[in-house]
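Written out below as structure tokens is the structure these notes cover.
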Amino acid sequence: MNIHEYQGKDILRNFGVTVPNGIVAYSVEEAREAADKMLSEQGGGVVVVKAQIHAGGRGKAGGVKIAKSAEEAANYASQMLGSILVTHQTGPEGKEVRRLLIEEGMNIEEEFYLGITLDRATSRNVLMVSTEGGMEIETVAEESPDKLLKLQIHPTLGLQANQARQAAFFLGLTGDQFKNGVKFITALYKAYMDIDCSLAEINPLVVTKEGRVIALDAKINFDDNALFRHKDFIELRDTHEEDPLEVEASESNLNYVRLDGNVGCMVNGAGLAMGTMDMIQLAGGKPANFLDVGGGANPQTVQEGFRIILSDPNVKAILVNIFGGIVRCDRVAGGVIQAAKNIDLHVPVIVRLEGTNAEIAQKMLDDSGLNLISAKGLQDAAQKVNHAIAS
């Protein structure tokens, strides 16, 4: 689960991570009042008006503006609120700006990158720092690998003091900046672990001319599987920032991710789903989604899966690939047939069922008289899907 920048900063502040003072605003008037309050408290200077969407690259898209007065902040707020912000991460459709963060200005001297995430290749958390702050870390890794330091963190020992110091040295920090940097890195790792993050990214991490080390931006992603331990974080979810079909699927306990292909996929099990999408791609097609209905697929979940898949106008055919282990194949076939009768299946549906009672299930599909095509084996299923699209 992703959250907004201001929400992430509020959480990090509780762990001793240094973040700028800021006030969230949902209207132009709230933005004006927030800017007036902050300018009064800091005795003048500037405030920053920042659009709050779940995407990076906001500054280049006009979503970050510096204001010298409350009126100027209000003018920027009127331009941003309700507008569609298009960045390299939103896609061409962009995202609507519904809230703003009014934040104190910083006397910036240097900008860096700091991130913590899971390295799946080593099954360990990895601390990453770079002297190239404000850039996409993937770009830095590809074009300037010498400017990126990766430190593997032992799963039982955790982040060691010497690792935090090594990271601060790599960034070239000295004196008070070095001490503050080590403290910042240590506090961020504690937050990452305690709240079960899948990503904690500070980009840019800035050093001010006064020697402060501050998170100018903060991207916090939670591990969905651990949210049961943090029920208070669930209310931070902003469904406006998510694909409507993915939100709808989650409400039905379906794992759905929308893609840009034309073959709808309904599978039980994440591994089988990945294999199914690979086979479709190898056969010349392109998957339109990832949809895992879980191990206990039943008529209700199958019908809801069909409805969500068909809500994507790009879908030209559907591949159902179920392994009948926990649930029998004939029961799944019955669910597919019932769903096909209850909703308008206006595209061909190829069904591959393997496991318990697979032969019975195949006969049920063949005798249904519906637009259901049974397949034997994954390769056969993928080829039939692509043939159905071509014809």
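With respect to being over 30 Å from residue 254 (Cβ atoms) and at pLDDT 95 or above, residue 171 fits the description. The single condition from (1) over 23 Å from the mean Cα position of the chain (by Cα); (2) outside the structural domain of residue 190 (by TED's automatic domain parsing) that residue 14 fails is (2).
Pairing residues of the stretch 170-191 that are assigned by TED's automatic domain parsing to the domain that holds residue 158 with residues that are surrounded by fewer than 20 Cβ atoms within 10 Å (Cβ to Cβ) and part of a helix (DSSP H, G or I), at Cβ distances under 7 Å and at least 6 apart in sequence or on separate chains, gives 182/165.
The single residue among 223, 217 that is of a type in the set (Asp, Glu), surrounded by fewer than 20 Cβ atoms within 10 Å (Cβ to Cβ) and either modelled with pLDDT of 95 or more or within 21 Å of residue 54 (Cα to Cα) (or both) turns out to be 223. Restricting the stretch 229-248 to residues that are modelled with pLDDT under 85 and of a type in the set (A, V, I, L, M, F, W, C) leaves a set whose member that is surrounded by the fewest Cβ atoms within 10 Å (Cβ to Cβ) is 247.
Flag: residue 328 matches the condition of being touching a Ser or Thr at 6+ places or on another chain (Cβ under 8 Å) and either among the aromatic types (Phe, Trp, Tyr) or over 21 Å from residue 264 (Cβ atoms) (or both).
The criterion of being buried (at least 16 other Cβ atoms within 10 Å of the Cβ), among the aliphatic types (A, V, I, L, M), under 23 Å from the mean Cα position of the chain (by Cα) and at pLDDT below 95 holds for residue 137.
Here is the figure for the stretch 49-66: residues that are of a type outside the set (Lys, Arg), surrounded by fewer than 22 Cβ atoms within 10 Å (Cβ to Cβ) and either touching a helix residue (DSSP H, G or I) at 6+ places or on another chain (Cβ under 6 Å) or assigned to a loop (DSSP other than H, G, I, E, B) (or both) total 7. Of all residues in the stretch 91-112, none are buried (at least 20 other Cβ atoms within 10 Å of the Cβ), touching a Pro at 6+ places or on another chain (Cβ under 6 Å) and at pLDDT below 90. A count restricted to the stretch 119-129 and to residues that are over 16 Å from residue 148 (Cα atoms) and either outside the structural domain of residue 215 (by TED's automatic domain parsing) or modelled with pLDDT under 95 (or both) stands at 4. For residue 69, all conditions in the list (1) within 25 Å of the chain's Cα centre (by Cα); (2) without any contact (Cβ under 8 Å) to a residue 60 or more places away in the chain; (3) over 30 Å from residue 260 (Cβ atoms) hold save one; what is the number of the exception? So residue 69 meets the others, but not (1). The residue that is farthest from residue 9 (Cα to Cα), among those in the stretch 249-268 that are more than 16 Å from the chain's Cα centre (by Cα) and surrounded by fewer than 17 Cβ atoms within 10 Å (Cβ to Cβ), is 260. Answer yes if at least one residue in the stretch 296-310 is at pLDDT 85 or above, crowded, with 20+ Cβ neighbours inside 10 Å and of a type in the set (Gly, Ala, Ser), and no otherwise. The answer is yes; a qualifying residue exists.
Take residue 97 and tell me if it is without any contact (Cβ under 8 Å) to a residue 60 or more places away in the chain and not assigned by TED's automatic domain parsing to the domain that holds residue 12. Taking the combined requirement at face value, the residue satisfies it. Only one entry in 376, 341, 363 is at pLDDT 85 or above, in the same structural domain as residue 268 (by TED's automatic domain parsing), farther than 16 Å from residue 263 by Cα and not β-branched (Val, Ile, Thr), namely 363. Entry remark, the stretch 166-183: residues being closer than 17 Å to residue 126 by Cβ and out of contact with any helix residue (DSSP H, G or I) (no Cβ under 6 Å at 6 or more places or on another chain) number 3 in total.
The values are calculated or read from the model by the stated rules, or taken from the named source; none is laboratory data. In this text, all values refer to a predicted model and were calculated from it rather than measured experimentally. Quick reminder, even Gly has a Cβ in these numbers, built from the backbone with ideal geometry, and neighbours come from all protein chains shown.
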